[in-house]
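Peer 1: First, the structure itself, so that you have it in front of you.
Nothing in this text is a laboratory measurement; each read-out follows from the coordinates by a stated rule. For clarity, every value in this text was computed on a predicted model and none was experimentally measured. Because the Cβ atoms are built from the backbone with ideal geometry, glycine has one as well, and the counts that use them run over all protein chains shown.
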Amino acid sequence: MLHDRLLVRVDDAADRRSSGGILIPATASMGRRLTWARVEATGAHVRAVEIGDRVLFDPQDRAEVEVRGDAFVLLRERDLHAVASERIEEGQTGLYL
C-alpha cells in the first residue's frame, strides 16, 4: 500500500432489527448510509489507523479491488468518518471520530 491508502474488507451485510423489533433484510434499500469495514493493510503515511481496526466510511467514495479472488475496498485515510479500535487506554472508549 502506498502513502495514506487503506485496504479494507467490508463487513458482511446481514439482516438488522429496528428498535421496535422489526426485521429489516440486508437487501432493503436505504438512503445514504455509512459502512463499517475491517482494515487489512495500510500505507506508510497512515497515522491514526492500524491493521485490524474497524473504520466507518461512505460507500459511494470507494474503489473496489479484487485480490486473489477476495473483494476489498481501497480508501484514503482522509475519507474515513470514524475508527473503532481494540487499543483502549485508560479512560477512553475506543471510538475515534
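Peer 1: Which FRET efficiency, nearest 0.05, do Arg38 and His3 yield, Cβ-Cβ r, R0 22 Å?
Peer 2: Taking R0 as 22 Å, the efficiency between Arg38 and His3 is 0.60.
Peer 1: Summing +1 for each Lys or Arg and -1 for each Asp or Glu, what net charge is found among the other residues whose Cβ lies under 15 Å from the Cβ of Arg5?
Peer 2: Residues close to Arg5 contribute a combined charge of -3.
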